[in-house]
Every structure is written in structure tokens, then in C-alpha cells.
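A short reminder: the numbers here are calculations on the coordinates, not readings from a lab. Note that the structure is a prediction, hence the values are computed from the model and not measured. Here the Cβ positions follow ideal geometry from the backbone for every residue, glycine too, while neighbour counts run over all protein chains shown.
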Amino acid sequence: MRTVPLEMTVNGVSRQCDIEPNVVLADVLRDGFGLRGCKVACDQAVCGACTVLIDGRPVAACSTFAFATRGRSVETIEGLASDHVLHAVQTSFLENYGFQCGFCTSGMILSIVALLRTHSTPDETLIRDWLGGNICRCTGYAQIVEAVQLAAATMRGHP
Amino acid sequence: MGDLLSGSQADPSCRENLAKVTGASVYTFDIELPRMLHGKLLRSPLPHAVIRRIDATAALAMPGVVCIVTGEDARGLRDPFYGVGLRDQPVIALDRARYVGDVVAGVVAIDEATAFRAAQAIVVDYEPLQPLMTIDEALAPDAPALFDGKTPGIPIPVGAGCSSVADPANNVLYEFNFGYGDAAACLDASDQIFTDTFEVSRINHFHLEPHVNVAHWVGGRLEMWSCNQDPFLIRADIARIFGIPLHGVRIHTPLIGGGFGGKSYCKMEPLVALMARKAGAPVRLALSMDESLLTLVKHPGRLTLTTGVDREGRLTARRADILLDGGAYSDASALVAVKTAFRIGGGYRWQAIASHARVVRTTTVPSGSFRGFGGTQAAFAGERQIDMIARRLGEDPLDFRNRNMLDVGEPFAPGDRGMDSDLHAGLQDIADRIGHGAQKPGHGIGFAVGVKDAGGTGNHAQALVRVTQDGEVMVSAAVVDVGQSAASALCRIAVEALGLPLSSASYAPIDTDHSPPDNGTHVSCGTLVTGRAIEQAAMEARAQIETFAAERLGCDRSEIVLDGWTVRHNNVTHPLAPMVRAYYGGVGWEFIGRGSFKEPYDPTAPMGARNISWMPCWSAAEVSVDEDTGRIALHKLVVGADPGRALDADVCRGQIEGAAIQALGQALFEELRYQGSDPENASPLTYRVPRAGDLPQVFESFVAEHRLGIGPGGLKGIGEAGMLGIAAAIANAVEAATGASLTALPFTPERVLAALDARPERIQSRTD
């Protein structure tokens, strides 16, 4: 199959590669760039495990053509901590035990990061609503909801 | 805490958790080997058919395709069947497909897309046979036999008062009877007898990491990375199937992305090994979630309970007739039947029990283990009926339960261990938390106390604890981390015995060449059964350290006090690291302690060994019902369980809540359905599991530490508990709110409306 060139920003770094036009973003991230924190579970944009941020908005990498990210900025779980300092959502997940098996965690954290960038004081209804795009089969969600509330408070305290 | 390099991340739970929140964790899904090829499977579109011919010519001719595996390849294996006790499932369909989704061919190719396209190019000539989609169809007098001849393997061995029989009738895989006392006489002598029938539904585990295995043969020896939670069972199955020694198989078990029973016991592991052997290269087979939905489900079934009560409102006897739909193949069906029947009495005192369970074969997805192993089926029927009886007697459901519930130390059944939780205290706790007696008008409150055994039947585990000259601890066992924080819990047990900080401990990766064996990560046994083995291993390592120090200091071991990584003798502190180096040299030495635990078999116990612990789940629900739409509003859900002693309260909370929300899904909407002979919703898009928006308005959980378990410090398992009481509590609350009696899962609006219409006063008003 013919390939097409792809230029995009991944975790703040400008990247270039040649891709087949039918390749999805999850495969480029995992196999092309070794970013295996992006987990593919349902492969149908239902469960949210593969969620990454494109220009700050959460999308399902399993069902997004890689070429559609041309010229855009992609953030994955690997890029969230900076200079060895965890993002507030990662810290709140650790402190609140917001995960068990961890397979949904990358996507869950990125969805929440997107939520908190646009809503600094989400109420519980909004949090539950926003998390509707991410399935966690392990935790029963309550510890995740609390982690979001803690992260929101932390981020408000440290703008 | 925020700094990746800070010391607070140094303990084992922090290390593994840090990897999870940074995307660094490695699952089997992420394993990649040099020259690795990829597999895809072709599955039967028909529920029941003879496979006349498979034409793979076109598929094999496609560029990038390496080989095709079919039943022809499996026929050459030493023993191409697997299953728990009863082994009827072929590694790949031999000559007949028995459900929609049965594996008919496997393709190995250079990448997944090529393998997928090639699988679609395989032409299979089927001769359709009559499907048997339900228990009733399979038991019909003229139903065709799903299998020819006797089922290979042996039925589960059982103990006192039990019988265990394979192939008792056409399309009946297995029959189990458990009882004590004279149930017929007790029921005859009862003041009142109640008979009710309950139906439980088919649900899927929906673990997010799909079933995935990577297999690689080197010099006739198999090396495999597997998401299976039973590495030593898989080693044994593959050795038997391929006719090779146990040490000819090496299984690595990385972190597992969720299991809940769906990744226990043999599944497609032998097939991946077969594909890799034929391809002559490493092969990775990752199922899609659609395929996982067609791999294993929880047993649907029908339970009819006849329960007697005497004049004083005391339970007398219970008779149970349990029919479980085992699906197309045995898997763990016999064991689930045993456990369902055994657990049917719940946490109550009986004069007699007569429990009869059968597993019926149908042309549907195989049923097997699912968090609670028959316990949830038994608890739904049992706790629903207890409430219905209390209501019919005009009694408060709490008073009725309290009068009949087992006290601490009372045996669950003759010959078994005594109750190791205070069931009454837990019931009082949920009553207080839900606000019993103070609910709003129109709301109803329901309770349930699910109880099951835990820790397994005669389970065993071995463990190693290694301590370096610098006081670092490596804990080695075969408990697999499926998200329950096993590594951290087991490390904690070891360092407590050694008196060393948790930050000094690591949990060794699981590898059957090096890890000490166990029965598999099942039945909430890890912290208790393996924990006992680890505690013993740590104490042995400690004795070696003290003996070494005593020899070096020229004193008796009894004069030595181990204090962190120093020893004290005559009030003088001696650091251990230089002492070890001085004797063994710079590379140093490891003190290696071995431990083991085995619950002995006991033919006088019903299960053939005394159960290791008891697992209660106290549940309470507050609901209201929209009588126009049949929709249940769950205002509050309270769930509590007893880990004996909580090694980590947050982890225990997560186990209880996660199980409870899985049970909530099964109670309210979750179900794998068939439309005729086709799966109706076997895809992640159409199979609905609970999301954050499905949480009850108020969701409260509690960890009750009754400290009566036989594990270190009184601990016992907790992983399955939260699943047990939820569905019954919700149905009991619906009846309290509306008078409508729900007896079948899930409680869809249609079922709720039907139950509202079936209320006696509604029927009365229609006939007036």
C-alpha cells in the first residue's frame, strides 16, 4: 500500500513518519513511537482505554485514522508528567487508589485532564457524566470520582 | 508524592502503582518478541454443525500468510481436550462446531490485518444440526445429543453427604447432590413451606485487556507469556495436551488487565502453542473484545427453592433444585455446580439441606468461573427467598434474619469450619447506614446477606522469601496480580515477619521455571493461603539470619534480637550488612526461606476438605420505582465485607465496591442475550456494562475487620465478597417499595412492569 507522510506533535515534540492511510492512531503511537501506555481494549471507541488528547480534546486512538492528526498536537499518558513531576491527576489517582488492574487508567487519566482543563470546579454530576466515555470494570468508579475531586482541588490551589 | 524519584514511591505498591499511572506497566498485551507473528481465528457462524470440509487454499495463497491450523492439526496431539475435571473442549473444533463463536480455524501471518483477511478467505462447508439454545430445549425428550459417548476426565471429588456424577442423562454434563439431615421429614414437620423459582442471567466478564498469549518454541520447549491467572494449571494442561514434560513448558505471567474469572483455567493457550509450533516462530494471539464475549460467561440458570419454617419463625430445611446452563463445553461447570449447591443455604442455621444441581449442555457460549463461582447465583435466590418468606410471615426481614443467622463459630455445614465473621454485627451495620425505618415515602429498603466459602478446597501454595546481605527482600510466589494488589499484600506479610520496612520488599515476576507453585489465583485465596506460605518462608529466613549472626557472634540464637537490618546482642548493636560481607565476601549471600501451606483433605467435610474461610457480603439498597415506566431509581446502596484484617483499607474498599458495581450491572441491565440462535449483543458497543453514570445516587461501602480468619493476623480473602448480596438487596427493596416481586435477573423495566402487574391487588382490581 502507498504511504503518506505524517507530521504531528507528540507530547510536545515534533514528529514525522510515513504511514499507510488506513492505519489508526493507536497503532502509530504504540508500534511507531513505542508509546504503549495507550491501551487498546474494545477497539470500537466504546471503552475509552485508548483515549489520547488531540489539541487538548479526548479521542479514541483505536478509531481515529492517523492521517487525521496531521499538523495537530497529540498528548499521551507518557507525556503527562514533566521533569519527573507527576501531573495532579496522576498524583490524585495514586493517593485515592483510582485504579486496580490499570488497563483503563491511561485513558481515564487523560479524559480527566481534559475535563479539568475546561472545568476547574466540576460537580459530581459533571464528573460522572464526563467519565461516561471511559469504562473501568475493576473499581466501581467511586474512588475515581474522588480522585477527580482531589485533583481539581489541587489544581485550583496550584494554578 | 508528586516527584517520580522521591523516596515515598519506594514501597512495592507505590512502584507498581506509579507504573500504572504513567503508562509504564507491561501486560501480556504489550509483549513483543523478535520475529513475532500474529494469529487470528475463524469462528463458527452456526450454533451447531458438522464441519464437513475446510478449504484454506485461497487463504494460504495470500502474501504474508504463514500457516493455517485446523482440527486436523489438533488430532495429532496426545490429548486434544481440556476442561476442569471433565475435559470435553477441543483445542480447536475437530469435526463439529457447538456454538456461535466456536473456533474452527486459526491463521498465522506477518501481521494481524493479514491474518484477519486470510481468516475471512477460509471456506468451511458446514452441515447444520439442530441448535439447543436453552436448558429446556436441551432437556427435551427428543433433543439430539450434543456429545457422543462419555465425557473424558473425572467428576470433581467431593466429601461427606455429597455425590458427584458425570453424564447422568442426555445433554446433562454433570450432577451434584449435597445435603445433611432429613430434609423431607423436616419440611413435612414444618409449620409453613414456601417454594419459589429464581432465574439468573448470562453475563460476561468484560475484562478490558482481551485474552492474549504469546507462544514460542525453542528446541522442543515451549515458552509462553500468558494473561491466564493460573500459570501452573496452564503448564500442566499444555504438558498433558502436547505429551511433553512439565518442565518442557515455561509460562510467564505479566500484569493482567482484569480477569474476574474470565482468564482462569485453560482457554486458547494450547491453540496458540499449536499455532506457534506449526509456524516455527513466536506467535501472538490477542482476541478482540467481541471474541472475549464469546469465550466465557457466567452460568445462567434456574433455581427452585423449597424452604420450611417452624411455628417460632425458625428455618427448618431447604430443598434446592438447581439447573445451570453450562453452554457448549465443560470449562469449570462442574465446580460451579458444586459450589452453587453447597452455598444454597446461605448464612443460616438449618436442620437439613437437600441440594441438587445439574449442568445442562446447550449450544451457547461456555459458562465457567466468574467472581464468586456460583455464590452469586445461590445468594440471589437464597436471599431473595428469605426476604419473601419474612414478608409473607409479616416479619421484619432483619428480625427474621437475625433469629436464623449463624453465630460466630457455628459450622456452615456439619464437618466444616465455624463461621469466622459476625454476621449479626454486619447486618446491624448496614441497617444503621441505610437508615432502616426512616426511609422517605414511596421509597423501599431491602437487605441481603450473601455468604460463601472462600480460600478453596484443600488449596495449597508454596513460597520463597530471599533476603540479601543488605536486607532487601524478594518474595516469590504464584499469586497473579489481576488488579487486587497481590504483590503489595504479600510483600507486607513477609516484611512483618522479618521486621523490615515495606520499602525493602519486591515481588518476583511470575515464571513457572522459578516461581513456587500454587493452585492458581482463585477463590479469594491469595492473601490467606499463599500469605500463610509466605509468612512461614519469612520466618525461616529470619531463623537463618539469627542463626548466622549467633554463629558470628559466638552466642546462642536465643540471645540474638533482630532489629531492622541489625542484630542486638548484650545491648550491643551489630549491623548485618558488614557481618555478611565479612564472611561471604563482596558479592554476598542470600538467606532463602521456604514456606508452604496445604489445607488437608478431610473426607468428613462436605467439600472433601474444610473450607478455609467464610465470606459474607452485607448489602442494603434504597429504591423507588416509577410505576409508569418500570424504571428503578437506586437512591442508596450500602455494601460491606470482612477481610478479617485489612492489609490496605483502600485496596479492600476497591475490591468490595468494584464487585458491587459488577453485581449492580447484572441486577439492573447487564446480560448477554440470544435472539434465536444468534448472540444479540456480543459486541462492546451493544453489551452494556456499568459506567460512572450508573452509580447509585449515594454509594457507601465499609470494611469490617472481624479478625477471625486463619491468615496472618486474622486475615482472609475479600475479592469476591461484594458481588454476593447486591441483586437480592435491590429486588428486596423493590418489593418493600411497591409489593412487586422480582425473581429473574436483570430487573429490566419490562420485568418490573410485569411484576407490578402481577401484584395480588392489581390482579384483584382487574377481575373486579
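Quick notes on this one:
- Separation of the B:Ala425 and B:Leu33 label points, Cα + 7 Å toward Cβ, nm: 5.2 nm
- In this structure, the amide hydrogen of B:Gln192, modeled 1.01 Å from its nitrogen in the peptide plane, lies closer than 5 angstrom to those of B:Val309, counting only residues at least 5 positions away or on a different chain.
- Within straight-line cross-link reach of B:Lys150, lysines at Cα separation under 26 Å, skipping those fewer than 8 residues along the same chain: B:Lys267, B:Lys298, B:Lys339
- Here is what passes the span test in chain B: the DSSP H helices with alpha carbon length of 24 Å or more along the helix axis and a Kyte-Doolittle mean of -1.0 or above are B:375-392, B:531-553, B:649-668.
- For the protein assembly as shown, size of Cβ-based charge dipole, Lys and Arg +1, Asp and Glu -1, in debye: 1160 debye
- Angstrom value of the Kirkwood radius, inverse mean 1/r, which spans all Cα pairs in chain A: 15.9 Å
- If you plug the beta carbon distance of B:Tyr584 and B:Ile110 into 1/(1 + (r/R0)^6) with R0 = 51 Å, you get a FRET efficiency near 0.50.
- Segment B:10-58 and segment B:592-613 have Cα centres spaced 35 Å apart.
- For segment B:460-598, the spread of Cα positions along each principal axis, largest first, Å: 47, 28, 23
- Helix content alone sets the calculated 222 nm mean residue ellipticity of the protein assembly as shown: runs of n ≥ 4 DSSP H residues at -39500 (n - 2.57) each, divided across all residues, give -8500 deg cm²/dmol.
- Working note: Karplus 6.51/-1.76/1.60 with θ = phi - 60° gives segment B:95-111 the couplings 9, 8, 9, 10, 6, 5, x, 4, 7, 10, 8, x, 10, 10, 8, 6, 8 Hz, where Gly and Pro are set to x.
- Counting charges near B:Asp387 (Lys, Arg +1; Asp, Glu -1) among other residues having Cβ under 13 Å from its Cβ returns a value of -2.
- Exposure proxy ranking, count of Cβ atoms within 10 Å, fewest first, for A:Met1, B:Met224: A:Met1, B:Met224
- B:Ala508/B:Thr573 FRET efficiency (R0 22 Å; Cβ-Cβ; nearest 0.05): 0.10
- Segment B:340-415 and segment A:50-77 have their alpha-carbon centroids 50 Å apart.
- Sequentially through segment A:120-129, phi angles give Karplus couplings (6.51, -1.76, 1.60; θ = phi - 60°) of 7, 10, x, 7, 5, 4, 5, 4, 4, 5 Hz, Gly and Pro residues having no value and appearing as x.
- Dipole of the protein assembly as shown, positive direction: furthest Cα of A:Cys17, B:Ala489, B:Ala160, with charges on the beta-carbon: A:Cys17
- Cα gyration tensor shape for chain B, rounded if a/c is under 1.5, else prolate or oblate: oblate
- Taking other Cβ atoms within 10 Å as a rough exposure proxy, B:Phe194, B:Phe260, A:Phe103 sort from fewest to most as B:Phe194, B:Phe260, A:Phe103.
- Residues of type lysines that B:Lys20 reaches as a straight line, Cα spacing below 17 Å, ignoring anything fewer than 8 places off in the same chain: A:Lys39
- Here, segment B:17-92 yields an orientationally averaged convex hull projection of 9.7 nm² when only Cα atoms define the hull.
- Note on B:648-661: average number of Cβ atoms from other chains within 10 Å of each residue's Cβ is 4.
- Whole-Å semi-axes of the ellipsoid equivalent to the protein assembly as shown (Cα gyration tensor, √5λ, descending): 40, 36, 31
- Take each residue of peptide A:125-135, count the partner chain Cβ atoms within 10 Å of its Cβ, and average: the result is 3.
- Stokes-Einstein diffusion coefficient of segment A:4-79, Kirkwood radius over Cα pairs, 20 °C, 1.002 mPa s, in µm²/s: 179 µm²/s
- Considering only chain A, percent of DSSP beta bridges that pair antiparallel, nearest 5: 90 percent
- With R₀ fixed at 25 Å, the C-beta to C-beta distance from B:Val123 to B:Glu199 puts the FRET efficiency at about 0.05.
- Chain B, relative contact order in percent, only Cα pairs under 8 angstrom and at least six apart counted: 14 percent
- For segment B:514-530, backbone phi angles converted through the Karplus equation (6.51, -1.76, 1.60; θ = phi - 60°) give residue-by-residue couplings of 10, 6, x, x, 8, 7, x, 8, 9, 6, 6, 9, x, 5, 8, 5, 6 Hz, Gly and Pro being listed as x.
- Bridgeable lysines around B:Lys440 (alpha carbons under 16 Å apart, same-chain partners fewer than 8 residues away excluded): B:Lys636.
- Between B:Ala169 and B:Thr566, the modelled labels are 7.4 nm apart [label points 7 Å from Cα along Cα→Cβ].
- Fewest neighbouring Cβ atoms within 10 Å first, the residues B:Asp148, B:Asp387 line up as B:Asp148, B:Asp387.
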